[in-house]
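K.L.:
Before we start, here is the structure in question, set down as structure tokens.
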Amino acid sequence: MIAILGAGSMGRLWAATLPAGQVAFVPRPGQRPKPVHYRLQPIEGEPHSVTVPWLQPGRSPGLLLVTTKAGDTLEALTSALPSVPSSTPIVLFQNGLGSQQQVAETWPERPVLAASTTEGANRPQAGLTVHAGRGTTWLGALNPAGQAHVEPVAQQLAASGLAVQPEQDILGRLWQKLAINAGINAFTALLDCPNGEILGQPFYLKWIDPLCQEISQLLDAAGQTSVTPDSLRETIEAVARKTAANTSSMRADMLAGRETEIDFINGYLTRLGHRYNIAVPVNQMLTEQVKQLN
């Protein structure tokens, strides 16, 4: 049994694509254990109905996927893990950085893995989950206990039909995605526009170069592969063009009145800058302005 903690867009995408009968959502405190019914709109074809049960008391999952928002992860796992065997691999799907390290440090004896995915999913209305973009999910261990589980878990998740790849340097993958999100998400939330529209906005054009300068310095300080500011901007803008019509998760959270994950994207980079004594005024400004939206 594969248990999924977090019934948002990404959790529902995996629940709908993994083999039926082998997956269940983990109930959070106060949730009623009724099956979750929704429709999945695949990239190709018509929407189809999906029903996912809640994990019943006494059932021991062989794999736990955590698809909560980054800020909810530690609390959600604290509630869920007492009923999950200590040998069960935990796969973290959170955006940004910071929450993954918190989990690995809190439960060092458990096998903890992280996933970095470019699959796109959103919920434009209640009861509908849209697979908005085909991508790849990279999977790697965050602690020694997780190393032996990378290959078997990747094979298990590949049964979904989604592209899954083992990754030796998962932290590097997470940094790559963090850099892209840091250059897109906050701008889309502040400008209230789809990804592609930021590219012509004066606010974006004013701050993107100094932002890339900060991210480039932070990559070096964190021991990651060096990337020039110009290359960072090229990558960010290539992704923004490729996903031009998409609504970022941060803009979606802003529109829905939910707390955003800014603390784990530009906020994480801000804290890292302070730790390494690197000036990060643009990351700090974006973090503060997005927080004012909540």
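K.L.:
Checking Gln284 against (1) part of a loop (DSSP other than H, G, I, E, B); (2) without any contact (Cβ under 8 Å) to a residue 24 or more places away in the chain; (3) of a type in the set (S, T, N, Q), which test does it fail?
P.N.:
Of everything listed in (1) part of a loop (DSSP other than H, G, I, E, B); (2) without any contact (Cβ under 8 Å) to a residue 24 or more places away in the chain; (3) of a type in the set (S, T, N, Q), Gln284 misses just condition (1).
K.L.:
Among the residues of segment 253-267, which ones are open to solvent by 60 Å² or more (accessible area, probe 1.4 Å), within 16 Å of the chain's Cα centre (by Cα) and either of a type outside the set (Lys, Arg) or under 18 Å from Asn283 (Cα atoms) (or both)?
P.N.:
Glu259
K.L.:
Further question on the same structure: Between Gly96, Gly58, Gly45, which is on the phi > 0 side of the Ramachandran plot and open to solvent by less than 10 Å² (accessible area, probe 1.4 Å)?
P.N.:
From the options Gly96, Gly58, Gly45, the qualifying one is Gly96.
K.L.:
Moving to a separate point now. Working carefully through the options Leu178, Leu142, Leu171, find the one that is closer than 23 Å to Ala222 by Cβ, open to solvent by 30 Å² or more (accessible area, probe 1.4 Å) and touching a helix residue (DSSP H, G or I) at 6+ places or on another chain (Cβ under 8 Å). Reasoning before the result, please.
P.N.:
Working: Leu178 fails: open to solvent by 30 Å² or more (accessible area, probe 1.4 Å); Leu171 fails: touching a helix residue (DSSP H, G or I) at 6+ places or on another chain (Cβ under 8 Å).
The match here is Leu142.
K.L.:
Among the residues of segment 6-21, are any at pLDDT below 90, open to solvent by 10 Å² or more (accessible area, probe 1.4 Å), farther than 15 Å from Gly127 by Cα and within 21 Å of the chain's Cα centre (by Cα)?
P.N.:
No, segment 6-21 contains no residue that is at pLDDT below 90, open to solvent by 10 Å² or more (accessible area, probe 1.4 Å), farther than 15 Å from Gly127 by Cα and within 21 Å of the chain's Cα centre (by Cα).
K.L.:
Checking the conditions here, which among Ser83, Ser160 is surrounded by fewer than 22 Cβ atoms within 10 Å (Cβ to Cβ), more than 20 Å from Asn246 (Cβ to Cβ) and touching a Gly at 6+ places or on another chain (Cβ under 9 Å)?
P.N.:
That would be Ser83, the only listed residue that is surrounded by fewer than 22 Cβ atoms within 10 Å (Cβ to Cβ), more than 20 Å from Asn246 (Cβ to Cβ) and touching a Gly at 6+ places or on another chain (Cβ under 9 Å).
K.L.:
Restricting attention to segment 227-252, and to residues there that are part of a loop (DSSP other than H, G, I, E, B) and modelled with pLDDT under 95, which single residue is most open to solvent (accessible area, probe 1.4 Å)?
P.N.:
So the residue we want is Ala245.
K.L.:
May I ask you to list the residues in segment 61-80 that are of a type outside the set (Gly, Ala, Ser), outside any loop (DSSP other than H, G, I, E, B) and open to solvent by 50 Å² or more (accessible area, probe 1.4 Å)?
P.N.:
Of segment 61-80, the ones of a type outside the set (Gly, Ala, Ser) are 61, 63-69, 72-75, 77-78.
Checking which are outside any loop (DSSP other than H, G, I, E, B) leaves us with 63-66, 72-75, 77-78.
Across segment 61-80, the qualifying residues are Asp72, Leu74, Glu75, Thr78.
K.L.:
Looking at (1) over 30 Å from Leu178 (Cβ atoms); (2) of a type outside the set (Ser, Thr, Tyr); (3) assigned to a loop (DSSP other than H, G, I, E, B), can you tell me which one Arg39 breaks?
P.N.:
Going through the list (1) over 30 Å from Leu178 (Cβ atoms); (2) of a type outside the set (Ser, Thr, Tyr); (3) assigned to a loop (DSSP other than H, G, I, E, B), Arg39 breaks only (3).
K.L.:
I'd like to know if segment 86-93 contains one or more residues that are assigned to a loop (DSSP other than H, G, I, E, B), β-branched (Val, Ile, Thr) and either open to solvent by 20 Å² or more (accessible area, probe 1.4 Å) or at pLDDT 95 or above (or both). It would help to see each step written out before you state the result.
P.N.:
So the first thing to find is which residues in segment 86-93 are assigned to a loop (DSSP other than H, G, I, E, B), and the list is 86-89, 93.
Pick out the ones that are also β-branched (Val, Ile, Thr) and you get 88.
So of that shortlist, the ones also either open to solvent by 20 Å² or more (accessible area, probe 1.4 Å) or at pLDDT 95 or above (or both) come out as 88.
Yes: segment 86-93 contains one or more residues that are assigned to a loop (DSSP other than H, G, I, E, B), β-branched (Val, Ile, Thr) and either open to solvent by 20 Å² or more (accessible area, probe 1.4 Å) or at pLDDT 95 or above (or both).
K.L.:
Next question, about the same structure. What's the total number of residues in segment 99-133 that are assigned to a loop (DSSP other than H, G, I, E, B) and either in contact with a helix residue (DSSP H, G or I) (Cβ under 9 Å, 6 or more places away or on another chain) or crowded, with 22+ Cβ neighbours inside 10 Å (or both)? First the steps, then the outcome.
P.N.:
If we filter segment 99-133 for residues that are assigned to a loop (DSSP other than H, G, I, E, B), which is where we start, we get 107-111, 118-119, 126-127.
From what's left, either in contact with a helix residue (DSSP H, G or I) (Cβ under 9 Å, 6 or more places away or on another chain) or crowded, with 22+ Cβ neighbours inside 10 Å (or both): 107-111, 118-119.
Counting residues in segment 99-133 that are assigned to a loop (DSSP other than H, G, I, E, B) and either in contact with a helix residue (DSSP H, G or I) (Cβ under 9 Å, 6 or more places away or on another chain) or crowded, with 22+ Cβ neighbours inside 10 Å (or both) gives 7.
The values are calculated or read from the model by the stated rules, or taken from the named source; none is laboratory data. Note that the coordinates shown come from a computational prediction; the quantities given were computed from them, not determined experimentally. A quick note on method: Cβ atoms are made from the backbone with ideal geometry, for glycine too, and the neighbour counts reach across all protein chains shown. These area figures cover heavy atoms from the full protein model, side chains too; ligands, DNA and RNA do not enter into them. Shrake-Rupley method; radii C 1.70, N 1.55, O 1.52, S 1.80 Å.
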